[in-house]
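Since the structure comes first, as structure tokens, the remarks are kept for the end.
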Amino acid sequence: MPHIVYLESVTGYGAAENTRRLEILRGYLRPGFTIELLNPADGPKILERREDFEQAGRAALAAVTEIGPDRCAAIIAAGAVDPALADLRAAAKVPVIGPGEASLFLARIVASRLVILTVEPAVPAAHAMIKNVPARPDTVVVHTMKTTVRKILADLDAGRRFMREEAAAAVREHRADAIYLGSMTQGTLGIAEDLRTQLGLPVLDPLPISVYAAQEAASTLAH
């Protein structure tokens, strides 16, 4: 039975939030696949500073080196803007899926002007990801949101309202013809379909895209 590891380097979400995320992830699995959420103990509590991204990368790298084909068929590096993806792949013994890379590739097929919605600490990583992924739309713009992951998680309904407002503002400001939800937390809000209806544009959600990509990678290796 193909198994996937969802490598979440943030340690401060708590048991209830991790359970909520795992249930969302399981909803994207095909029959016969399983998934687990792995939290390295030395990861940051939450991603609020640029240093937190560096710590998350170190924790993910240490965890990846310990995971072999006997543990799983693929790893999802749970960062929507792919921090340290190249280092993770270099150290890994199984395929590592970057949600951002997979989403930019898909965005290239459906759009020419993509806007990434993300929070300020993730902006440098978002720009690095854009630079490192050649298979992307002609134009990719990073739209910085004036909030934090902590605030979104404190009130999910308020977070959903905020995301709808920011997505609409990004389309107006940047003339987007597609939107990418630039954090995994945004993907857990369950608003991608509502945003597609509201905006009339493709909205790329890193959670299902990364899970589908991991399953395809695992299936390819199994044959």
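Of Ala135, Ala176, all but one fail to be without any contact (Cβ under 8 Å) to a residue 40 or more places away in the chain, part of a loop (DSSP other than H, G, I, E, B) and touching a helix residue (DSSP H, G or I) at 6+ places or on another chain (Cβ under 7 Å); the exception is Ala135.
Would you mind stating whether Leu37 is assigned to a helix (DSSP H, G or I), closer than 22 Å to Val149 by Cβ and under 17 Å from the mean Cα position of the chain (by Cα)?
Answer is no for this residue.
Being under 13 Å from Ile116 (Cα atoms) and not assigned by TED's automatic domain parsing to the domain that holds Pro31, is that true of even one residue in the range 146-162?
no
Filtering Tyr13, Tyr6 for residues that are in a strand (DSSP E or B), surrounded by 15 or more Cβ atoms within 10 Å (Cβ to Cβ), of a type outside the set (A, V, I, L, M) and at negative phi leaves a single hit, Tyr6. Note on the range 85-106: residues that are assigned to a helix (DSSP H, G or I) and over 22 Å from Phe53 (Cβ atoms) total 2. Being among the aromatic types (Phe, Trp, Tyr) and more than 23 Å from Asp82 (Cβ to Cβ) is the filter here; which residues of the range 142-184 pass it? Within the range 142-184, Phe162 is the sole residue that qualifies. Suppose the filter is surrounded by 23 or more Cβ atoms within 10 Å (Cβ to Cβ) and either in a loop (DSSP other than H, G, I, E, B) or modelled with pLDDT of 95 or more (or both); does Asp70 pass it? Criteria not met by Asp70.
For Val119, state whether it is crowded, with 22+ Cβ neighbours inside 10 Å, touching a residue at least 60 places away in the same chain (Cβ under 8 Å) and in contact with a His (Cβ under 6 Å, 6 or more places away or on another chain). When the stated conditions are applied, Val119 does not pass them.
The values are calculated or read from the model by the stated rules, or taken from the named source; none is laboratory data. Everything numeric here is computed off the predicted structure, so don't read it as measured data. Here Cβ is always computed from backbone atoms with ideal geometry, including for glycine, and neighbour counts include all displayed protein chains.
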